[in-house]
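Note sheet for the following structure.
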Amino acid sequence: MTKFIDSPYVTNMREVTRESYLRYWDERNGGNVSYRLLPEEVETYEDVMEVSATYELGFDAPALAGYYYLVTGTGRYFRNVYARPTLDLGLIKISEDGQKYDVVWGFEDGGKPTSEFPSHLMSHIERLKVNPDQRVVFHCHPTNLVALSFTQELSERNLSRLLWKMQAESIVVFPEGIGVIPYMTPGTNEIGEATAAKMSEFQAVLWPHHGVFAAGTSLDETYGLIEVLEKAAMIYSQIGAQGGNIKQEITDQQLQEIAEYFGMTPHEGFLEL
């Protein structure tokens with residue numbers, strides 16, 4: 001019988017968390033990921049079906065009843081996930097009433113999901129309404145993107161246009177732009193609710209002075225979204241390092257043409273046409 005630890009889902013999670021740590025996006029125990037697995041993907045592995053613990057969710061999630069999530073643990077370091085996935089990852093199943101969850105694999109030392117887990121689930125609920133194929137929520141601290149939140153006007157239009165103009169692929173990868181919430185205390189239901197409200201419109205949401213929440217259909221797609229956001233912010237940082245004197249740029253009309261060529265629709269009102 002194949003062990004769940006050898007599944008492509010655990011392998012992908014190990015690889016992505018390691019890469020995120022190596023990019024300095026997840027210092028110490030910063031960052032967390034949740035990955036919704038389909039029942040047929042889980043039930044293939046008979047060894048995962050033993051319940052080791054049951055906990056309260058802390059909010060009502062009937063929309064996710066019966067769903068499985070592979071999730072990183074609270075207080076765990078991304079740098080360790082690759083070497084010890086059975087300790088730092090857990091597979092959980094949401095109860096049929098959406099009030100609790102069972103740990104059915106992993107967290108072998110008694111660990112629990114990330115403290116941001118309610119925020120993840122709230123965002124999962126909203127993203128499922130937008131696209132039922134979306135399965136991942138990824139939170140990390142990309143250096144240059146966080147730096148922008150200290151120096152730029154924290155409006156969605158301003159930040160979206162800035163990031164779009166740094167590279168041609170940006171408007172193709174996140175044509176809706178980037179959402180922004182006010183600075184809030186992480187780990188609370190309040191920040192989860194604010195993020196989820198933005199997730200109904202944006203696939204990525206900036207937490208000023210902290211990090212980003214992003215969603216996608218797969219770990220690779222979601223990680224790739226964050227890569228593009230951070231690359232755009234890094235280019236802006238490099239422009240500043242070279243004196244900040246922009247002599248030419250991608251115009252709003254050119255951004256519109258790029259979007260149309262790739263069949264994308266930019267967020268209404270963000271471009272000046």
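We did not get these values from a lab; they are worked out from the coordinates using the rules stated. Small disclaimer: the values here were computed from a predicted structure and weren't measured. Methodologically, a virtual Cβ is constructed for each residue, glycine included, from the backbone with ideal geometry; neighbour enumeration extends over all protein chains shown.
Observations on the model:
- Secondary-structure-derived ellipticity at 222 nm for the chain, considering helices only, amounts to -11500 deg cm²/dmol, per-run term -39500 (n - 2.57) for DSSP H runs with n ≥ 4.
- Pairs of lysine residues in the chain - Cα separation under 17 Å, sequence separation of 8 or more or cross-chain: 5
- Remark: the range 78-228 carries a charge dipole of roughly 240 debye about the Cα centre, counting +1 on each Lys and Arg Cβ and -1 on each Asp and Glu Cβ.
- Put simply, the amide H of G98, placed in the peptide plane, has neighbours under 5 Å in G66, leaving out anything fewer than 5 places away on its chain.
- Between the residues N245, Y82, M49, the greatest Cα displacement towards the positive end of the dipole of the chain, with unit charges on the Cβ of Lys, Arg, Asp and Glu, is found for N245.
- In the set [x] 123; [y] 114; [z] 132, the label that goes with volume of the Cα convex hull per residue in Å³ computed for this structure is [x].
- Modelled label reach - E193, point 7 Å along Cα→Cβ, the range 113-140 residues with backbone N closer than 20 Å: 115-129
- Integer Hz, Karplus 6.51/-1.76/1.60 couplings in order for the range 71-82, x for Gly and Pro: 9, 6, x, 6, x, 8, 9, 4, 5, 9, 4, 4
- Candidates D109, D97, D220: whichever shows maximal mean-square fluctuation once the chain is modelled as a Gaussian network with Cα springs under 10 Å: D109
- The chain, relative contact order in percent, only Cα pairs under 8 angstrom and at least six apart counted: 19
- Cα shape, the range 198-266, gyration tensor, a/c 1.5 rule: oblate
- Most fluctuating residue given options Y82, Y69, Y55, as computed from a GNM of the chain linking Cα atoms under 10 Å: Y55
- A Gaussian network model of the chain, with springs between Cα atoms under 10 Å, assigns the largest mean-square fluctuation among Y77, Y261, Y68 to Y261.
- The range 1-115, relative contact order in percent, only Cα pairs under 8 angstrom and at least six apart counted: 30
- Shape call, the range 1-115: gyration tensor on alpha carbons, a/c limit 1.5: oblate
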